[in-house]
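The values are calculated or read from the model by the stated rules, or taken from the named source; none is laboratory data. Small disclaimer: the values here were computed from a predicted structure and weren't measured. Neighbour counts are summed over all protein chains in view; Cβ atoms, including those assigned to glycine, are modelled from backbone coordinates with ideal geometry.
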Amino acid sequence: MPLEPSLRRPDPVSGVFVQLVLGTMAAFAGVLVAYPARWIRMPDRGHGFVCAAVLGVIMLIVADVLLSPFLGAEGLGFRSVFGGVTFGVMGIVVATPFIAVCFKQVEYGITHGAPRQESWAAAFGVTLTLVWLYVETLRLITLVPAEDV
């Protein structure tokens, strides 16, 4: 005899995807509100800092991939819970300011009269940043055991 719909246990996987989408959209909405209000500014120095942080993350990922055959399955330790959570939070912290970098690119294009055909590059940048933020959030949430979701 099947259970009534109210007695069925909810599927934990669907809850994870809702959390992922809501987390990504909350970060985007936060930057979307804070950037025009000038609560955050993205000067050229800040832009360089964010790019340097991304370069560091990329170098760390490449080192992890290259050294994992020599160090074993754990690599540099970013697949463990502690290292993974630390690296996941670091990835989210690095990915979120890139939304402001994309907004600055859009603002700069509008201010300086960029041709309409170039608007796709700004839209692609925003989309790519949101996908990156989603993937970083996914990496972070997948480290949590299924019983805790």
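Has the stretch 98-121 got at least one residue that is touching a residue at least 60 places away in the same chain (Cβ under 8 Å), touching a helix residue (DSSP H, G or I) at 6+ places or on another chain (Cβ under 6 Å), more than 22 Å from G84 (Cα to Cα) and crowded, with 18+ Cβ neighbours inside 10 Å? Scanning the stretch 98-121 turns up at least one residue that is touching a residue at least 60 places away in the same chain (Cβ under 8 Å), touching a helix residue (DSSP H, G or I) at 6+ places or on another chain (Cβ under 6 Å), more than 22 Å from G84 (Cα to Cα) and crowded, with 18+ Cβ neighbours inside 10 Å. Exactly one residue out of T142, T127, T96 is at pLDDT 75 or above, of a type outside the set (D, E, K, R) and closer than 18 Å to A53 by Cα, and it is T96. Just one of the numbered conditions (1) at pLDDT below 85; (2) surrounded by 15 or more Cβ atoms within 10 Å (Cβ to Cβ); (3) of a type in the set (D, E, K, R) is not true of R41: (2).
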